[in-house]
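Read the figures in this text as sums done on the coordinates, not as results from a lab. Because the structure is a prediction, the values reported are computed rather than measured. Cβ sites come from the backbone with ideal geometry, for glycine too, and all protein chains shown count toward neighbours.
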Protein chains: 2
Amino acid sequence: MTTVTALEVHDVRFPTSRELAGSDAMNPAPDYSAAYTVLRTDGEPEAGYALVFTTGRGTDVQCAAVAALAPYVVGRDVAELCADLGGLYRRLTGDPQLRWLGPEKGVMHMAIGAVVNATWDLAARRAGKPLWRFIADLSPRQLVDCVDWRYLSDALTPDDALELLERAEPGRAARAAELERVGYPAYTTSPGWLGYSDEKLVRLCGEAVAEGYRLIKLKVGRSVDDDVRRLGLARGAVGPEVRIAVDANQRWDVGEAVPWIEALAPFDLAWVEEPTSPDDVLGHAAIRRRVTVPVSTGEHTPNRVVFKQLLQAGAVDLIQVDAVRVGGVNENLAILLLALRFGVPVYPHAGGVGLCELVQHLAMADYVAISGLMEDRAIEFVDHLHENFVAPAVVAHGRYRAPHAAGMSAEMKPASVAAHTFRGVAVAPAPGELR
Amino acid sequence: MTTVTALEVHDVRFPTSRELAGSDAMNPAPDYSAAYTVLRTDGEPEAGYALVFTTGRGTDVQCAAVAALAPYVVGRDVAELCADLGGLYRRLTGDPQLRWLGPEKGVMHMAIGAVVNATWDLAARRAGKPLWRFIADLSPRQLVDCVDWRYLSDALTPDDALELLERAEPGRAARAAELERVGYPAYTTSPGWLGYSDEKLVRLCGEAVAEGYRLIKLKVGRSVDDDVRRLGLARGAVGPEVRIAVDANQRWDVGEAVPWIEALAPFDLAWVEEPTSPDDVLGHAAIRRRVTVPVSTGEHTPNRVVFKQLLQAGAVDLIQVDAVRVGGVNENLAILLLALRFGVPVYPHAGGVGLCELVQHLAMADYVAISGLMEDRAIEFVDHLHENFVAPAVVAHGRYRAPHAAGMSAEMKPASVAAHTFRGVAVAPAPGELR
């Protein structure tokens, strides 16, 4: 029997604020960081890996939250944990005492996501498969059983979901082969950070097109005049065929968003992302009714219940999913099923530290086993910090290659962890009573 | 000059699960706890006090989050901090790195609430006033300046709020005198915990009426037959004149809630509280459209943006506010103003550890300086753990007495803190760079 022997959490911080990569209207100088989570075992595979992406300060708080979950996994039988990933997720989100600290949102929920994702990574490694394939090899019934259906039944029931998944089942093998052959579309945010000069913007836009991207994204929201000027430069640099999305990072109130977005509409935008508070379902719906640009949000959407409402309210034309914001793979399966049910395309959020590595698996599993769709979809790509990962995401000619290494691709190089550890390793308490 | 010398955070836990006080459909065995927060100074007053209420496990995580905010207050001039409470609140919620961990929700947001509330406590102590009076003595303009108006302008603008507050200004003195004379209505949840026997329920219902309560609340949601039986017993015990509310603590999906609530409707209920997920604005609205019992929520509502939507969507007949769930006094001022704007009464959430002590000040300030209303309002009261506070809330004849002691009443007795400290004192790092 292989047992989980420890839950390690590392406070890893990269000094990205020095170069303004990652700068946007609400995050002027992030230090891209992670609560890097390792589930050690006494057998093979030797560990499962995951992380919570953070932007500097507070990473220690996020680490403390992950460490608090040790009693749920340390000392447990790996085979049992991996055989009931839905049960683990529901035990963690349902802990009647920890639940008070959310429920299902913020630091505690992201910590649950890390432990859940690390266990999926472990399960996929045990099976010798990349996570996207491990998920896509589960039966429709197994996938349905991974989801916590509470609060969803007014939009989607387990039976509805089972039907959707069974409909996609016959095409799985062909789509997996297609994915291996052509990869999955990527788009890039690298040219568009708010802190970059006009010259750098134009140069990076040209490079993105040369590298094969068909969609780029620019940060907006500091000044409408700046945005119009920068979009003009970008549109000139990429030509009329390449799509341009913009991201306001929660900058506006509803009334402010509408004229600002309409001022940018002539640049033929693919979408405007996070126009207002990520909690404001009705605000997104009001904005969407009044603008001609498609509206999107999701990277800060705290859980499946808020995604459900965004879809029910017709608040969005598309959504972002994030691998580490919600309660792990299980909750993202629910969100992907909801998006399919409402016919809304998913453009996964990535960048940061390791987000490309993790989220690619969800998009690819969605294509193979859930929506069956890869058209009008693309995974965000930002080209930094990948060198810190053992099996980094690979994007070539504007497409993510399907990963082959077993697991969720979250494992970092030990040397990177050591070099960027902020305050040593926080090792969780020994297993024992939940108290 | 008086300076903040330290931010102390104590992990304080009471073993309430042994007696099933506090048991409900989602929280079968809470250990009422607190991240007890003390802002020490080198002068007079010697400290400001606040807390985040928790239910056992994870209190250490909550303490770590409070400690992470030390650089914002330690080493600062107390007079300056107290002169710009709106600025402190906006600096804390706007920290571009910590913001990623919410934004404005969960562990990090409640930590901000504790630091903000401790600073209000300090400010009220400096002025020698109980917090309710300290707030009610601020000018309409000062009150407006305490609020973060971002994301609210589609429902309420600062100018609208100023007008509401100015309208209430002339009656302040008379209402303060009235409050001193008659106190503020209370209701009690003490009889209705789900873990209590029928006999204990009936006995406590009778005692509540004898003590002068005109409104009691019962936990429901474990089984509809149990609920019908218990409500029958309760209605029999209190008679037809005393109002009965029920609280489902997030137990149901939308479709499940409707017939369950209608099965309880014959008992003439004052409201049904938390019928479903606290994040489900549209779910509450759907339930409200289909039942005859007034619908309510709020104790887990993470921030003003979600309260705004509950009101915009017509999802609730009344709301609960909680003193420690959101970003402190400032955000609760926004919520009270929104409730007034939409004409929705506020029945503050209390119980737990210290929640009665803290929230009474908000309700009383609302009566004196904001809504001017005390009819169709009552503050929850649960009669336990008050003995741990230096100036406990006092309820007599079914009404809260207006507190006279300076501050927000959050200070705990040192002996109580010492006796119930779970893992010693977490003292925050020394002031310095925000990193």
Practice task
Taking a label point 7 Å out from Cα toward Cβ, give me the nm distances from A:ARG181 to the same spot in the other copies, shortest first, one decimal.
Solution key: 8.6
Exercise for the section: Place +1 on the Cβ of every Lys and Arg and -1 on the Cβ of every Asp and Glu in the range B:169-414, take the dipole about the Cα centre, and give the residue among B:LEU264, B:LEU231, B:VAL293 whose Cα lies farthest towards its positive end. Expected result: B:VAL293
Practice task
Grab every C-alpha pair in the range A:102-210, bin the distances at 5 angstrom width from 0 up to the longest one, and report whole percents.
Solution key: 2, 9, 12, 12, 14, 15, 12, 11, 8, 4, 0
Completion exercise
In chain A, taking the dipole from +1 charges on Lys and Arg beta carbons and -1 charges on Asp and Glu beta carbons about the Cα centre, the listed residue (A:GLY343, A:GLN320, A:GLY58) farthest towards the positive end is A:GLY58
Completion exercise
Checked against a 20 Å limit on the C-alpha separation, the offending pairs among A:LYS105/B:LYS308; A:LYS129/A:LYS308; B:LYS105/B:LYS308; A:LYS219/B:LYS105; A:LYS105/A:LYS308 are A:LYS129/A:LYS308; A:LYS219/B:LYS105
Exercise for the section: Please get the size of the charge dipole for chain A, origin at its Cα centre, with Cβ charges of +1 on Lys and Arg and -1 on Asp and Glu, quoted in debye to the nearest 20. Expected result: 100 debye
Exercise for the section: With unit charges on the beta carbon (Lys/Arg positive, Asp/Glu negative), name the residue among A:ALA406, B:PRO403, A:PRO71 whose Cα is farthest towards the positive pole of the charge dipole of the protein assembly as shown. Expected result: A:PRO71
Completion exercise
Across A:ALA393, A:ALA64, A:ALA79, the residue with the highest GNM fluctuation in chain A (Cα network, 10 Å cutoff) is A:ALA79
Problem - Closest approach to the B/A rotation axis among chain B Cβ atoms, residue and whole-Å value - result: B:GLY106, 1
Handout entry: Over chain B, relative contact order from alpha-carbon pairs under 8 Å, at least 6 apart, %
Key = 22 percent
Completion exercise
Here the alpha-carbon Rg of the range A:305-435 over 2.2 N^0.38 Å rounds to 1.21
Handout entry: For the range B:169-414: relative contact order, % (alpha-carbon pairs under 8 angstrom, 6 or more apart)
Key = 20 percent
Practice task
Name the long-range amide H neighbours of A:PHE381: under 5 Å, sequence gap of 5 or more, or other chain; modelled H, no Pro or chain starts.
Solution key: A:TYR187, A:THR188, A:THR189
Problem - Mean projected area (nm²) of the alpha-carbon convex hull when chain B is viewed from all directions - result: 19.0 nm²
Exercise for the section: Would you mind telling me the antiparallel percentage of the DSSP bridges in chain A, rounded to 5? Expected result: 60 percent
Problem - Estimated distance in nm for a label pair at B:ASP160 and B:ARG229, the labels positioned 7 Å out from Cα along Cα-to-Cβ - result: 4.8 nm
Exercise for the section: Evaluate the charge dipole of the range A:136-231 about its Cα centre and quote only its size in Debye, nearest 20, assuming +1 on the Cβ of each Lys and Arg and -1 on the Cβ of each Asp and Glu. Expected result: 500 debye
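Quick one: which of B:180-189, B:413-422, B:321-330, A:341-350 comes out on top by average Cβ neighbours within 10 Å, and what's the full order, highest first?
Averaged packing, sorted descending, gives the order B:321-330, A:341-350, B:180-189, B:413-422.
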Handout entry: Listed residues A:MET110, A:MET408, A:MET26, most fluctuating in chain A (Gaussian network, C-alpha, under 10 Å)
Key = A:MET26
Exercise for the section: Could you tell me what percent of the DSSP beta bridges with both partners in the protein assembly as shown are antiparallel, to the nearest 5? Expected result: 60 percent
Handout entry: Computed magnitude of the charge dipole of the protein assembly as shown (debye, nearest 20; Cβ of K, R +1, Cβ of D, E -1)
Key = 160 debye
Handout entry: Cα coordinate range in the range A:46-137, projected on the principal axes (Å, largest first)
Key = 35, 29, 24
Exercise for the section: Within a 10 angstrom radius of each residue's Cβ in A:296-302, how many Cβ atoms of other chains show up on average? Whole number is fine. Expected result: 2
Problem - Whole-Å semi-axes of the range B:169-414's equivalent ellipsoid (Cα gyration tensor) - result: 27, 23, 16
Handout entry: DSSP H segments from chain A that extend 30 Å or more along their own axis, Cα-based, with Kyte-Doolittle mean of -1.0 or above
Key = A:106-127
Exercise for the section: Give me Rg over Rh for the protein assembly as shown, both radii from the alpha carbons and Rh done the Kirkwood way, two decimal places. Expected result: 0.96
Problem - DSSP-defined antiparallel bridges as percent of all bridges, the range A:169-414, nearest 5 - result: 20 percent
Completion exercise
Taking the label point 7 Å from Cα along the Cα-Cβ vector, the copy-to-copy distances for A:THR421, listed from shortest in nm with one decimal, are 2.9
Problem - Shortest-first distances to equivalent copies, position A:GLY195, nm, label 7 Å out along Cβ - result: 5.1
Problem - Peptide A:105-113, shielding by other chains (average Cβ, 10 Å cutoff) - result: 6
Exercise for the section: Using only Cα atoms, locate the centre of the range A:253-276 and the centre of the range A:229-244, then give the distance between them in Å, rounded to an integer. Expected result: 16 Å
Fill in the blank from the handout: Amide H contacts under 5 Å for A:TYR400, restricted to residues at least 5 apart in sequence or on another chain and with H modeled in the peptide plane, are A:TYR184, A:ALA186
Problem - Residue among A:TRP100, A:TRP120, A:TRP193 with the largest mean-square fluctuation in a Gaussian network model of chain A, springs linking Cα atoms under 10 Å - result: A:TRP100
Problem - In order through the range B:38-45: 3J(HN,Hα) via Karplus (6.51 cos²θ - 1.76 cosθ + 1.60), integer Hz, x for Gly, Pro - result: 10, 9, 7, 10, 9, x, 10, x
